[in-house]
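Student: The structure's right below; bear with me while I get my questions together.
The values are calculated or read from the model by the stated rules, or taken from the named source; none is laboratory data. Just so we're clear, the structure is a prediction, and the values are computed from it rather than from any experiment. Please note: Cβ atoms are built from the backbone with ideal geometry, for glycine as well, and neighbour counts cover all protein chains shown.
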Amino acid sequence: MVDITGHLAMALLFAAPAWLVWGRRGALGFTGFALLTAMLPDTDLVLQQVLPITHHGMTHTVVFVLLMSVLVGAAVAKWLTPRFAATRWIRSTEITTETVFVFATGGLALGGISHLFADVLSAPDIAAPLEPFWPLYSEPVIVDVIYYDSPIWNFGLFAVAIGLHLVLARYESAPLETRYRISS
């Protein structure tokens, strides 16, 4: 597992294509959702204080990340769609619950999956290897190319991710036409 900086950096890298789908405001919001769940799988570190679970266990699976993303995405869509549609910051009267659901769920899932990817790249240096595809595939997946406390990897990756977002923000001209566009 990389440290917190590395996990945030990986979420930023995974969220970068949002600039092509939603443009400036949407990309910033989508990236925010991804950053919110960049540390989601590590909730096992807190939960293991009250539950008999281990680090890199159930919370470090694609199933867990997707389930949590869908549940939170549905809540966000239900409660925030009217607010998003009414705000001048988004400038859209046509925003649908489906669009907000896809937007929020996609960002949340991407952040959690980026965490799993970063852990696969760095476990088992000091932690147990991951089984990210459990229960479909219960063997550990190990790539192990990043050392956990490496400032070069963690802060270097973070600098690259910030730089990429700045370049995309500077040169993004128009998002792609999709049914999930946020601006009208």
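Student: Quick one: what pairs do we get from the range 34-45, first residue touching a residue at least 12 places away in the same chain (Cβ under 8 Å), second crowded, with 18+ Cβ neighbours inside 10 Å and among the polar types (S, T, N, Q), C-beta under 6 Å, 6+ apart or different chains?
Tutor: Sorted first by the residue in the range 34-45, then by its partner, the pairs are Pro41/Thr59; Thr43/Thr59; Asp44/Thr59.
Student: Would you please list the contacts, defined by Cβ atoms under 9 Å and residues six or more apart or on different chains, that run from a residue in the range 10-33 that is hydroxyl-bearing (Ser, Thr, Tyr) to a residue that is surrounded by fewer than 22 Cβ atoms within 10 Å (Cβ to Cβ) and part of a helix (DSSP H, G or I)?
Tutor: What qualifies is Thr31/His165.
Student: For the range 61-82, how many residues meet the condition of being closer than 11 Å to Ile113 by Cβ and buried (at least 20 other Cβ atoms within 10 Å of the Cβ)? Please lay out each step first, then the result.
Tutor: Pass one, the range 61-82, residues closer than 11 Å to Ile113 by Cβ: 61-62, 64-66, 69.
Subset that is buried (at least 20 other Cβ atoms within 10 Å of the Cβ): 61, 64-65, 69.
Residues meeting the conditions: 4.
Student: Looking only at the range 130-169, which residues are in a helix (DSSP H, G or I) and among the aromatic types (Phe, Trp, Tyr)? Step through it out loud before you land on a result.
Tutor: The initial filter retains those residues of the range 130-169 that are in a helix (DSSP H, G or I), namely 151-169.
Passing the criteria: Trp153, Phe155, Phe158.
Student: Quick one: in the range 2-37, which of the residues that are closer than 14 Å to Gly112 by Cβ and touching a Ser or Thr at 6+ places or on another chain (Cβ under 6 Å) is surrounded by the fewest Cβ atoms within 10 Å (Cβ to Cβ)?
Tutor: Phe14
Student: Now for a different question. Where the second residue is at pLDDT 85 or above and in a helix (DSSP H, G or I) and the first is crowded, with 19+ Cβ neighbours inside 10 Å and aliphatic (A, V, I, L, M) and lies in the range 93-106, which pairs have Cβ atoms under 6 Å and are six or more apart or on separate chains?
Tutor: Val100/Ala77; Val100/Thr81; Ala104/Phe33; Ala104/Gly73; Ala104/Val76
Student: Exactly one of (1) among the aliphatic types (A, V, I, L, M); (2) under 24 Å from His7 (Cβ atoms); (3) at pLDDT below 80 is unmet by Ile162. Its number?
Tutor: The single condition Ile162 does not satisfy is (3).
Student: Quick one: Ala9 ticks every box in (1) modelled with pLDDT of 90 or more; (2) closer than 21 Å to Trp153 by Cα; (3) more than 17 Å from the chain's Cα centre (by Cα) except a single one, so which number is it?
Tutor: (3)
Student: So, one more: Would you check if Pro124 is crowded, with 20+ Cβ neighbours inside 10 Å and either modelled with pLDDT under 90 or farther than 23 Å from Phe14 by Cβ (or both)?
Tutor: Details: crowded, with 20+ Cβ neighbours inside 10 Å: no; either modelled with pLDDT under 90 or farther than 23 Å from Phe14 by Cβ (or both): yes.
Considered against the rule, which asks whether it is crowded, with 20+ Cβ neighbours inside 10 Å and either modelled with pLDDT under 90 or farther than 23 Å from Phe14 by Cβ (or both), Pro124 comes out as no.
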